[in-house]
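For reference, the structure is listed below as structure tokens.
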Amino acid sequence: MWTRTHRSTGRSSGLGARSLAPILALTLVGLLPALVACNARTDRDVDQQTERAKENLDQAGNDLEQAGEQIGDSLERAGRETSKRLEEAGEQVQPYLADAEVTARVKTRLTAHPDLNPFQIDVDTVDGVVTLNGEVPTQDDHDAALEVARGTKGVVEVVDNLKIGVRGQ
């Protein structure tokens with residue numbers, strides 16, 4: 001507490017809370033317009049920042065929407081390209097599948113024939129042309145193998161590379 005001595009009385013008087021109250025009140029009254037102005041400025045700043053944030057969010061939403069459309073377009077193009085390439089690959093593979101199917105048919109029919117040993121006859125197919133390789137024990141087996149191959153669906157031609165005779169003789 002601050003004290004002050006009077007010259008005439010010699011008494012000291014202190015500046016207590018009661019004596020400071022009017023000074024504080026005047027100070028606050030003087031500061032009040034400045035505080036209100038600061039508050040108003042702060043409100044304006046907050047309003048402006050809020051408005052900018054809303055604008056940024058709107059722009060971000062528009063950007064995301066545009067990016068989504070671009071991604072959708074890219075995926076659609078990629079899907080068309082993939083489909084086209086798969087179709088081309090299918091066209092390229094189709095002859096091989098057809099040849100494999102013909103080979104399987106010939107092998108199945110050779111296996112079903114009662115007089116033939118299908119393990120002695122190798123079957124290869126290219127563009128529907130079946131080539132028979134291997135060794136059969138008799139002329140009848142040879143002729144039966146050729147007949148089976150020629151009678152198989154999908155066979156265009158038969159190339160005969162079969163040998164007659166038993167291995168080792």
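For this structure, a couple of remarks:
- Set Thr125, Thr103: member being touching a helix residue (DSSP H, G or I) at 6+ places or on another chain (Cβ under 8 Å) and polar (S, T, N, Q): Thr125
- Scanning the range 118-131 for residues that are of a type in the set (S, T, N, Q) and without any contact (Cβ under 8 Å) to a residue 24 or more places away in the chain returns a single hit, Gln120.
- Residue within the range 88-104 that is in a helix (DSSP H, G or I), surrounded by fewer than 10 Cβ atoms within 10 Å (Cβ to Cβ) and under 43 Å from the mean Cα position of the chain (by Cα) present: yes
- For the range 152-162, the criterion of a residue being at pLDDT below 90 and not in a strand (DSSP E or B) is satisfied by no position.
- Thr108 meets each of the listed conditions (1) over 30 Å from Asn133 (Cβ atoms); (2) modelled with pLDDT of 90 or more apart from (1).
- Selection from the range 111-130 of residues that are in contact with a strand residue (DSSP E or B) (Cβ under 6 Å, 6 or more places away or on another chain) and either among the aromatic types (Phe, Trp, Tyr) or in a helix (DSSP H, G or I) (or both): Gln120
The values are calculated or read from the model by the stated rules, or taken from the named source; none is laboratory data. Only a predicted model underlies this, so the values are computations on that prediction, with no experimental measurement involved. Positions of Cβ are backbone-derived with ideal geometry, glycine not excepted, and every protein chain shown enters the neighbour counts.
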